[in-house]
1. For the chain, modelled as a Gaussian network with Cα springs under 10 Å, which listed residue fluctuates most, 51, 138, 175?
2. Using a 10 angstrom cutoff on alpha carbons, build the Gaussian network for the chain and name the most mobile of 112, 171, 92.
3. For each of 44, 2, 7, count neighbouring Cβ atoms within 10 Å of the residue's Cβ, then give the residues from fewest to most.
4. Comparing 125, 81, 202, which has the greatest mean-square fluctuation in the GNM of the chain with Cα pairs linked when under 10 Å apart?
5. Per the helix-only calculation at 222 nm, which mean residue ellipticity applies to the chain, given -39500 (n - 2.57) for every DSSP H run of n ≥ 4 and division by its residues, nearest 500 deg cm²/dmol?
6. Over the chain, what relative contact order in percent results from Cα pairs under 8 Å that are six or more residues apart?
7. So how far, in whole Å, is the C-alpha centre of the stretch 14-29 from the one of the stretch 136-204?
8. log₁₀ I(q)/I(0) of the chain at q = 0.11, 0.13 Å⁻¹, via Debye over equal Cα point scatterers, no solvent, to two decimals?
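Throughout, read-outs are computed from the coordinates displayed, never taken from laboratory work. Treat the numbers as computed from the prediction; the structure is a model and nothing was measured. When we count neighbours, we look across all protein chains shown, and the Cβ atoms used for this are built from the backbone with ideal geometry, even at glycine.
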Ligand code: GRF
């Protein structure tokens, strides 16, 4: 069983997807702690409901990022976690933290990276007029929303999409992609070479998707 710490800042629907996966028989990973940098968020209730230990480590309680991250790091290590999953964690991590957890720190981002890093991804995708959006699970590097890509899931962008409707469609894809990526890591199938992630024994989808269809 791979032990996982999940870092959140809010709603925690990706955390819930990981909790649900973890509760299915044979899932090779286990969440041993959930840490939020914001008190009172719904994700903490989800963790408590699943009897997972939680901590609030508020960045506001520290005078700089390094002190905040030292406590974060200590909490994670105390939990015995071997992998850290960022799931809507809204703080940038410094190179110090990223190096400490190199290739053991993953994030989910709601776009097909390298398109649309940062915030407001769905509005940016709509404004650009792309025909597919999606999500990316990747190993974290110090540069925001950057690092070896483990899994991507694509969804169509529809002509009448709003930020909300596209976000909802992408979120469904996120809830499949994140547990799948964690499973593959826990199975020891993910290796990074030259800043690319390779998945042993993975199959590509049989065909392409086209949007719009004629
Ligand atoms: C997700 O869209 C995730 O991709 C992004 O932040 C959002 C978090 O949502 N990094 P939730 O808290 O998991 O519901």
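1. Its mean-square fluctuation being the largest, the pick is 51.
2. Looking only at 112, 171, 92, the largest GNM fluctuation is found for 92.
3. 2, 44, 7
4. Of 125, 81, 202, the Gaussian network model singles out 202 as fluctuating most.
5. Details: 6 runs with 71 residues, N = 214.
Calculated from helices alone, the mean residue ellipticity at 222 nm is -10500 deg cm²/dmol.
6. Values: 398 pairs, mean separation 39.4, N = 214.
For the chain, the relative contact order is 18 percent.
7. Value for the Cα centre distance between the two parts: 16 Å.
8. -0.52, -0.74
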